[in-house]
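None of the figures in this text is laboratory data; all of them are computed from the coordinates on show. Just so it is clear, the structure is predicted and the values come from calculations on it, not from any experiment. Note that we place each Cβ from the backbone using ideal geometry, even for glycine, and neighbour counts take in every protein chain shown.
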């Protein structure tokens, strides 16, 4: 029987890797990918807690999280496409029109 | 218009003072005091300082002088300042000054008197620098105020001492308890009286705080008459007389006062011998006469000092107003070398001026004769060292008559040193002549209230006797003989002075030949006022300026300005740096949000976890 | 024993995939790495007796969403990231440090949790297997979690419309 801490450890690793990726990477697509990674880390934590607490809530919440992630990925990518159409580059460092 | 309102106010004040004076005359000497309590001013624990007035014969005389002579000067000013654009401001200041002087004189405690003291200093500054477009006037005003300040500082120290020793500022309380709290001629009482005297010396321009008075002639002539002849400069004398109980417990200080008075007397008179500006001669004359008054106080003859104060107010105001009339007639010229022989043009002015000059020289039977003679007589018989004082006073009489009549002869008689067709010499209007005649009248009869020869002739002293013990007494007869001898002596000396003036000015005889080295040195020493101003400039003014400059460069610029400007720069740079956070890059914002979210979560975890 | 081995194997696969997502410069490779990560996660879900979630993970995440990403990458002709000057100096280092810090805190918090105290639920694995995982999820979705379920529908609907609107070319 694998103890809970192992799953949580893994979940933390995934989450932190996603966090690092968001901060470090410069391409928009990859940043969105890393956000997905973070969400999956959280999903793992949900499911493992649900399993160990003899509850179905964990799995159900993951179900909803996935739906939300799908919608958000779709919209995010649509925006990326628009940005690309406008300026031929998706480098985040060049998107700076929100300046003061 | 404003002049008439101001003069009316002065007239009303004079009538009130007159009524108080007459009510005093009707009462017996013990009842001659009027105390009016107005309100509690500073109640501070056991110390109670009130605003209240006290009128006794001494302050009654003072109020009469202030309001009476002031009224004359107000009338005079209506015409004198007619063409001035700031005439309204002038009368405002004049009335303010009268108010302050009355406050000083009527106060029943030291602190209230100090308020009036400072206020007259302020008004003096305002009036000296009245024509503020003239830089010399501004400088003179500043000089007056600053030198006054030195005296006021000593006065303040005296006030602190009084508070510590007596616990009250009230004059009557202090006079009553003074003899209990002080041993006669102890160090404490001498110190206190010394500081009070320094305060008086600042206001009444005794050496070495005399330097402001000649420069104060930058103000209009009526101002010089009111402030620097009749009233403000006499505030110092009033202070001494008011506290004569204290001073009588400090004989050493009194001796010092007499010394300073006699020194100033001779010092100022010697400078007046060679001055060429009408008003400067009169200014130094005022200094000299004040020296007489301080000498009188120093030898304990307070009533005599008051007497001389009164007569001096009459003839000095007359002389100043007359000088103003002359200047007005000569269209602004003040140098007596450019005048001469104008008696035929302005007969009324010259007549009153000559009366004033006779009075100040001490010619019988005018006022100055009696008052000056009283001082000389008191000096003669006061104590062993008195001969010196008497001799100084006598020499002063000689110089006084000399310089006064030098002035008279040079201005009104002799050759005309001006071009007749260029300067249209005209007599002053009646409203200026009227005060001259009134003051001339009082210069003649003012001395008759204290005639020592007639028994019961010392009406003045008797009037003041509830407050002061008169020193001009007619009790013993051999004193009377002595007094007559001294009187004739001083009269003779005065006439000698007039004669000498006549010789040098009209007959062109000289005491020192032109090539005499001693003569030239002496002459330039006198003419440059013994270089006192230059000495002060060297010792005091330049070092102060240097220190001020040093502090400016060191502190003001480097520290204060730097910190103030630095604060501004700090805010600016802080803003600039913070602005760079809003760079527009989405990544930065995202990272900031992430960071903030993580922090919040941490906080929640730490608060709710039992582990930490 | 076997479950432990399985767990560690899946864990390594997942971790390697995640690291590759963050580290690889080519976005295409990142997508592929993420697919590998998802597959590992699906296995982990299986080991946690969450069969439905595992299958949905593969169907939705690993294929549908990743295909979306691939399409977009191809659409915009993404190249490798150029080595340009970083705006914030030491951006990578700062990011890694911050990440490590967060990791540390998470570990400290999540370790030594005494889970046995809190077990209150009724759905033991045996019970779940008795009814069937999917059936149970279906039952719960339509009873206890009805409102979130319907809201999800609306959300997806809005997402579709939004994506269409945003992705449309401007009409001439």
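Which number comes out as Rg/Rh for the stretch B:100-258 once both Rg and the Kirkwood Rh are worked out on C-alpha atoms?
Result: Rg/Rh = 1.01.
Once both axes come from the Cα atoms, what is the angle between helix B:386-412 and the longest principal axis of chain B, in degrees from 0 to 90, rounded to 10?
Rounded to the nearest ten degrees, it is 90.
Counting only other chains, what is the mean number of Cβ atoms within 10 angstrom of the Cβ of each residue in peptide C:5-18? Each step should come with its number before you reach the end.
Numbers: counts 0, 1, 6, 3, 0, 1, 7, 1, 0, 8, 4, 0, 3, 13.
Average neighbour count from other chains, rounded to a whole number: 3.
Over chain C, one equal point on each Cα, no solvent: what is log10 I(q)/I(0) by the Debye formula at q = 0.11, 0.16, 0.17, 0.20 Å⁻¹?
-0.78, -1.34, -1.38, -1.40
State the extension gain, in nm to one decimal, for the chain segment bounded by residue B:602 and residue B:386, taking 0.36 nm per residue of separation less the distance between their alpha-carbons.
Roughly 68.0 nm would be gained on extension.
Using only Cα atoms, locate the centre of the stretch B:258-273 and the centre of the stretch A:1-56, then give the distance between them in Å, rounded to an integer.
A separation of 105 Å, based on Cα centres.
Taking neighbour Cβ counts within 10 Å as the exposure measure, how do B:77, B:86 sort from fewest upward?
Placing the least packed residue first, the sequence is B:86, B:77.
Using a 10 Å cut-off on Cβ atoms, rank the peptides B:57-66, B:389-398 from the highest mean neighbour count down.
B:57-66, B:389-398
To the nearest whole number, what is the average tally of beta carbon atoms from other chains within 10 Å of the beta carbons of peptide C:91-101?
The per-residue average across the peptide is 5.
For chain C, set up a GNM with springs between Cα atoms under 10 Å and report which of C:29, C:45, C:145 has the largest fluctuation.
C:145
Would you order A:82, B:183, B:217, A:39 from fewest to most other beta-carbon atoms within 10 Å of each residue's own beta-carbon? Don't jump to the answer; show the numbers that get you there.
Numbers: A:82 13, B:183 10, B:217 24, A:39 21.
Arranged by neighbour count, lowest to highest, A:82, B:183, B:217, A:39 become B:183, A:82, A:39, B:217.
Counting other C-beta atoms within 10 Å, which of B:4, B:131, B:117 has the fewest, and how do the rest follow?
B:4, B:131, B:117
Which whole-number percent is the relative contact order of chain B (Cα, under 8 Å, 6+ apart)?
Worked out over chain B, it gives 12 percent.
Within a 10 angstrom radius of each residue's Cβ in A:62-69, how many Cβ atoms of other chains show up on average? Whole number is fine.
Counting other chains' Cβ atoms within 10 Å and averaging over A:62-69 gives 6.
Counting every Cα pair in the protein assembly as shown, what percent are over 42 Å apart?
55
Calculate, for residue C:122 and residue B:573, the FRET efficiency according to 1/(1 + (r/R0)^6) with r their C-beta to C-beta distance and R0 51 Å; round to the nearest 0.05. List each step's numbers first, then the result.
Working: r = 64 Å, r/R0 = 1.25.
Efficiency computed from Cβ-Cβ geometry: 0.20.
Of the peptides B:535-546, B:585-596, C:7-18, how do they stack up when ordered by the mean number of other Cβ atoms within 10 Å, highest first?
The peptides rank, most packed first, as C:7-18, B:585-596, B:535-546.
Given the peptides C:123-131, B:353-361, A:52-60, arrange them by the average over their residues of other C-beta atoms within 10 Å, most packed first. Before the final figure, lay out the partial values.
Values: C:123-131: 13.3, B:353-361: 26.9, A:52-60: 20.6.
Taking the mean over residues of other Cβ atoms within 10 Å, the ranking is B:353-361, A:52-60, C:123-131.
Which whole-number percent gives the relative contact order of chain C, counting Cα pairs below 8 Å spaced six or more residues apart?
17
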